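Student: After the structure tokens below, expect a handful of questions from me.
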Amino acid sequence: MLRGFALFGILLVNAQLMAGPYTAFGGGPGVSALDRAAAWAVTATTTVYQLFSFLLGYSFVLERRTARPADTGAAGARHLRRTAGLFGLGLVHAVLLYPGDILMTYAALGLVLYGLRGLAPRTAVRVAAGLVAGLAVLLLGYGLLTVALTEPVTAAAYAPRAADLAAAYRGGFGSVVGAHLRELPSALGANLMYTPDMLAAFLAGLAAAKTRLVERRGRDRVWLRRTLLRWLPVGLAGGVVTAVCANGPLDSRWFLVGHAVSLLTAPALTASYACGVLLLAGAVRPAADVLAASGRMALSQYLTQSLVLACVFTGYGLGLYDRVGTATVLAGCVLLYALQLAYGAWLMRRVRYGPAELLLRTVTLGRRPGRAPACAGSPPAAAGPPPVR
């Protein structure tokens, strides 16, 4: 259910980045006040990958907890296959659909998480806090130096590059893929810069799962409401500072300063949103079921978002790159997310796995899910119905 909710935040941010070079900042020169306000509001209120990263760490513990004792010896091999499969999906996604892919980074961090699986909850939280604080200090220091020693980059100075990107993304298949390949190194570099924050969220999820946080508090409405009211103002205040630095009125030199503040306050906003969703689940069960259905196929939904956006904004389809305002893009995101929720609810009533989940699970297990591996030295199963278990 929480994964299903997080998909909306990811869609809001990725759609702006895929729609044009200026869209995430409210548009280029002469843009409307509505578009600027829309971009500013998304930056102030959206935490993107932290909830997903936290849930990956949480689910890692759940998978190990539910593994059969006979499978423990093969856990490392399965985890390696899973991360390799995730990396492969991410590479295809980055080259064909969106160079800002996060799956490859998650796959690499999944190996690190496996190595840290034995950390005690308190130690994991301390390491996570150290990673976040260290990265925030580095970004803040570099950002302040940028403010002091450089001049702001104007829209006019960026215009030639923006025009080149627009021509490439509105071109044919080869032109779009070429643009993705040229953008991929910088996108991977940006992901690499934020890997300490992602790993910190992984470790926070690891610690929360080991202490059974959601199981203990997920239905405690008093605790959820108290946590929401306590941390939401902190998270929103940090989001406002980030938006002021990234979307104005401060100029582009303040971007890293704003993101340093976001690193410190986004966990509060993420926790508040999670508590809000859990409160909603207790009050409106149909909404919870719909979110949970999309969350069960979150990987498929994430890839579908990129496919639809690529068909809208690149030469694969409509070629609307840098031709649609931010407010219109965000309105389209609401429509796409609603359709995804409806599709997820329909599909999950009929199948156990989404398409991407089925592929990844097949790679992980080394066989199609639902088929028990043959035991060495055992005779082949007799024809007929499967045994009752």
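Student: Can you spot a residue in segment 231-239 that is surrounded by fewer than 21 Cβ atoms within 10 Å (Cβ to Cβ), aromatic (Phe, Trp, Tyr) and either touching a Cys at 6+ places or on another chain (Cβ under 8 Å) or free of Cβ contacts under 8 Å to residues at least 60 places away in the same chain (or both)?
Tutor: Yes; the residues of segment 231-239 include at least one that is surrounded by fewer than 21 Cβ atoms within 10 Å (Cβ to Cβ), aromatic (Phe, Trp, Tyr) and either touching a Cys at 6+ places or on another chain (Cβ under 8 Å) or free of Cβ contacts under 8 Å to residues at least 60 places away in the same chain (or both).
Student: Moving on to the next point. Taking only segment 147-166 into account, find how many residues are modelled with pLDDT under 80, closer than 23 Å to Val257 by Cβ and out of contact with any Ser or Thr (no Cβ under 7 Å at 6 or more places or on another chain).
Tutor: 4
Student: If you go through segment 111-157 one residue at a time, how many are under 20 Å from Cys245 (Cα atoms) and of a type outside the set (Ser, Thr, Tyr)?
Tutor: 21
Student: Shifting gears a bit: Can you confirm whether segment 322-331 contains a residue that is more than 23 Å from Ala168 (Cβ to Cβ) and either among the charged types (D, E, K, R) or touching a residue at least 12 places away in the same chain (Cβ under 8 Å) (or both)?
Tutor: Yes - at least one qualifying residue is present in segment 322-331.
Student: Pull out all pairs, ordered by first then second residue, where Cβ-Cβ is under 7 Å, the residues are six or more apart or on different chains, the first lies in segment 185-197 and is closer than 18 Å to Leu263 by Cα, and the second is not in a helix (DSSP H, G or I).
Tutor: Going by the 7 Å Cβ cut-off, the qualifying pairs are Asn191/Ile102.
Student: Kindly list, by first and then second residue, each pair from a residue in segment 208-227 that is more than 15 Å from Leu280 (Cα to Cα) and of a type in the set (Lys, Arg) to a residue that is modelled with pLDDT of 90 or more and in a loop (DSSP other than H, G, I, E, B), limited to pairs with Cβ atoms under 9 Å and residues at least 6 apart or on different chains.
Tutor: Lys210/Leu119; Lys210/Ala120
Student: Another one. Check Ala381 against each of (1) assigned to a loop (DSSP other than H, G, I, E, B); (2) at pLDDT 85 or above; (3) among the hydrophobic types (A, V, I, L, M, F, W, C) and name the one condition it does not meet.
Tutor: (2)
Student: Just to be sure before I move on: is Ala246 part of a helix (DSSP H, G or I) and either out of contact with any Gly (no Cβ under 6 Å at 6 or more places or on another chain) or farther than 28 Å from Ala37 by Cβ (or both) in the structure I sent?
Tutor: No; evaluated as a whole, the condition is false for this residue.
Student: Okay, moving on. On the basis of being within 30 Å of Phe173 (Cβ to Cβ) and in contact (Cβ under 8 Å) with a residue 24 or more places away in the chain, does Tyr158 make the cut?
Tutor: Spelling it out, Tyr158 is indeed within 30 Å of Phe173 (Cβ to Cβ) and in contact (Cβ under 8 Å) with a residue 24 or more places away in the chain.
Student: Being within 23 Å of the chain's Cα centre (by Cα) and either hydroxyl-bearing (Ser, Thr, Tyr) or exposed (fewer than 15 other Cβ atoms within 10 Å of the Cβ) (or both) is the filter here, so list the residues in segment 194-211 that pass it.
Tutor: Hits for segment 194-211 are Tyr194, Thr195.
Student: State all residues of segment 338-356 that are in a helix (DSSP H, G or I) and surrounded by fewer than 19 Cβ atoms within 10 Å (Cβ to Cβ); if no residue qualifies, say none.
Tutor: Residues satisfying the conditions are Ala338, Leu339, Ala342, Tyr343, Ala345, Trp346, Leu347, Pro355.
Student: Collect the residues in segment 310-326 that are assigned to a helix (DSSP H, G or I) and surrounded by fewer than 17 Cβ atoms within 10 Å (Cβ to Cβ), keeping them in residue-number order.
Tutor: Selection gives Cys311 alone.
Student: Name the residue that is nearest to Leu17 (Cα to Cα), counting only residues in segment 34-54 that are among the polar types (S, T, N, Q) and surrounded by fewer than 22 Cβ atoms within 10 Å (Cβ to Cβ).
Tutor: Thr46
Student: Which of the residues that make up segment 23-39 are modelled with pLDDT of 75 or more and in contact with an Asp or Glu (Cβ under 7 Å, 6 or more places away or on another chain)?
Tutor: Of everything in segment 23-39, nothing turns out to be modelled with pLDDT of 75 or more and in contact with an Asp or Glu (Cβ under 7 Å, 6 or more places away or on another chain).
Student: Which one is farthest from Arg126 (Cα to Cα) among residues in segment 191-223 that are basic (Lys, Arg) and assigned to a helix (DSSP H, G or I)?
Tutor: Arg221
The values are calculated or read from the model by the stated rules, or taken from the named source; none is laboratory data. Just so it is clear, the model here is predicted, and its values are computed rather than measured. Don't worry about glycine lacking a Cβ; one is built from the backbone with ideal geometry, like all the others, and counts go over all protein chains shown.
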